[in-house]
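Okay, so here's the structure we're looking at.
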Amino acid sequence: MSEQDASPPPTLGRLFATITLPLSAGAALNQLNRAVTAVIAPVLAEVFALSASDLGLMGAVLFASYALAQLPVGAALDRYGPRRVQTALMGVIAVGSLVFAAAGGLPQLLAGRILLGIGISAALMAQLKATRQWFPPERIATVAGWAVAISSLGGIIATVPAEWAAATLGWRGVFVAVAVVALLSAVWIWLVVPDVPAPHTSRGGLAAELATLGRILRHPAFVRFVPCVILLSVLNFTWQGLWLGPWLRDVAGLDGPGRAQVLLIYALGFTAGSFLSGIVQARLVAAGFHPLTMIVGCTLGTIALHLGFAFDTGLPLWLGWALWPFLASVGPVGYTLVSARFPGSETGRVSTAINGVMLAIVFTEQQGIGLILDLWPRTGDGGWDPRGYSVALLISAALQVAGLLWLFLRRERQA
């Protein structure tokens with residue numbers, strides 16, 4: 001036995017410091033770039049004379065490029081590991097941020113968002129893959145939840161701090177600052193995160209990668225669980241990523257600082273839910289509950305919130321928009337439940353396959369909400385009719401009901 005083999009395994013604290021924290025920096029930029037649009041969307045709409053469909057497209061193209069990057073990103077994670085992939089993608093975030101900051105119209109805004117979508121495409125998946133590979137099995141759900149909670153600090157920064165920064169530096173200055181942070185994160189990840197152990201890497205070619213992806217997409221567990229699981233994450237991507245800011249203006253009647261405060265409450269709710277979801281999941285399973293108990297319960301809760309907002313039931317604004325992300329934050333726990341059915345060498349591709357399907361729905365929903373809002377004339381102050389938002393919420397609730405029915409009716413006969 002070599003001296004290296006005889007060395008004791010790293011402690012959980014050291015693993016957390018060298019893997020979870022630096023990779024969370026990249027994932028925080030994911031949250032920031034998804035959420036900051038909700039703060040600056042009304043400003044961009046005014047500066048560039050954008051319609052609701054234009055805003056929806058600007059939000060959606062990020063998720064389109066994010067989704068299209070999932071296949072190569074999943075293969076790269078399984079072949080090269082989170083350290084190398086995330087370091088490279090931090091550079092892409094920096095370039096995309098600078099392109100967006102220099103935009104003179106909608107085409108340049110779209111180009112910047114496309115690059116940002118590619119840059120953030122591996123953030124969550126790199127975290128989940130590294131957690132699965134380096135941490136003990138009994139700690140995976142808890143650490144994954146903690147990692148997402150730390151990453152959600154990016155969503156917090158995209159609220160009141162982003163509103164203040166935009167007022168001080170301008171919205172262009174905000175994205176220049178994002179580029180600087182991305183480059184610093186790349187250096188941190190490269191210097192600190194270890195490479196993936198050899199048994200957990202993949203060496204197949206393109207044909208093998210496509211065959212593996214096809215098998216993953218056809219797997220009974222994937223087919224049954226993913227529709228319900230991904231719709232929870234879709235809620236956060238769609239509303240925090242774009243439409244909550246306009247909703248707070250047009251339905252709740254809030255100004256810029258007021259919107260930023262509610263978005264902060266939203267981000268805090270997401271952070272709390274992400275931190276607790278893994279702990280609660282582990283304790284429920286240990287107590288003998290079905291592993292899907294928390295996913296189903298949170299889905300029912302978000303359906304109720306949809307109906308409450310759509311029918312204006314008087315739900316307090318701060319409470320509703322704190323509970324919404326708190327409940328929807330359990331989506332990544334479902335990712336770990338699905339990926340546990342596959343070998344360790346495929347976890348990157350499993351997670352990115354889930355993410356790819358989810359992002360395709362986000363693209364459709366963000367763009368779809370814009371199209372729905374444009375069915376009504378603009379209001380006198382330049383906003384969109386509240387009735388459009390209600391219709392969009394009801395359609396979203398119907399999708400969640402369908403996901404639950406599919407989960408209960410579908411059976412894993414081939415598993």
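The values are calculated or read from the model by the stated rules, or taken from the named source; none is laboratory data. The shown structure was predicted, so the numbers you read here are calculated from the model rather than taken from an experiment. Positions of Cβ are generated from backbone atoms using ideal geometry, with glycine treated the same way; all protein chains shown enter the neighbour counts. Heads up: the accessible areas ignore ligands, DNA and RNA and are worked out on the full protein's heavy atoms, side chains in. Shrake-Rupley method; radii C 1.70, N 1.55, O 1.52, S 1.80 Å.
Determine which member of the set V99, V92 is out of contact with any Phe, Trp or Tyr (no Cβ under 6 Å at 6 or more places or on another chain), farther than 17 Å from M58 by Cβ, free of Cβ contacts under 8 Å to residues at least 60 places away in the same chain and open to solvent by 10 Å² or more (accessible area, probe 1.4 Å).
V92 is the lone residue from the list that is out of contact with any Phe, Trp or Tyr (no Cβ under 6 Å at 6 or more places or on another chain), farther than 17 Å from M58 by Cβ, free of Cβ contacts under 8 Å to residues at least 60 places away in the same chain and open to solvent by 10 Å² or more (accessible area, probe 1.4 Å).
From the list I265, I303, which residue is farther than 30 Å from A166 by Cβ, in contact (Cβ under 8 Å) with a residue 40 or more places away in the chain and touching a helix residue (DSSP H, G or I) at 6+ places or on another chain (Cβ under 6 Å)?
Among I265, I303, only I303 is farther than 30 Å from A166 by Cβ, in contact (Cβ under 8 Å) with a residue 40 or more places away in the chain and touching a helix residue (DSSP H, G or I) at 6+ places or on another chain (Cβ under 6 Å).
Out of segment 270-297, which residues are over 20 Å from Q240 (Cα atoms) and of a type in the set (F, W, Y)?
The one that is over 20 Å from Q240 (Cα atoms) and of a type in the set (F, W, Y): F289.
Does at least one position in segment 192-200 carry a residue that is outside any helix (DSSP H, G or I), at pLDDT below 75 and either surrounded by 14 or more Cβ atoms within 10 Å (Cβ to Cβ) or at negative phi (or both)?
Yes - at least one qualifying residue is present in segment 192-200.
For the list (1) farther than 18 Å from I140 by Cα; (2) of a type in the set (A, V, I, L, M, F, W, C); (3) touching a residue at least 60 places away in the same chain (Cβ under 8 Å), I need the number of the one condition that I295 fails.
(1)
If you scan segment 22-51, which residues turn out to be of a type in the set (D, E, K, R) and modelled with pLDDT under 80? Please lay out each step first, then the result.
Pass one, segment 22-51, residues of a type in the set (D, E, K, R): 34, 46.
Passing the criteria: only R34.
Does V362 qualify as being crowded, with 21+ Cβ neighbours inside 10 Å, among the hydrophobic types (A, V, I, L, M, F, W, C) and modelled with pLDDT under 90?
yes
So which pairs qualify, if the first residue must be in segment 115-144 and under 24 Å from F63 (Cα atoms), the second must be acidic (D, E), the Cβ gap must be under 8 Å, and the two must be at least 6 apart or on different chains?
K129/D78
What residue, among those in segment 134-189 that are within 19 Å of P10 (Cβ to Cβ) and modelled with pLDDT of 85 or more, is most open to solvent (accessible area, probe 1.4 Å)?
W188
Can you tell me which residues in segment 378-403 are out of contact with any Pro (no Cβ under 8 Å at 6 or more places or on another chain) and at pLDDT below 90?
The answer is R378, T379, G380, D381, G382.
Name the residues in segment 52-63 that are modelled with pLDDT under 85 and open to solvent by 30 Å² or more (accessible area, probe 1.4 Å), would you?
Selection gives nothing.
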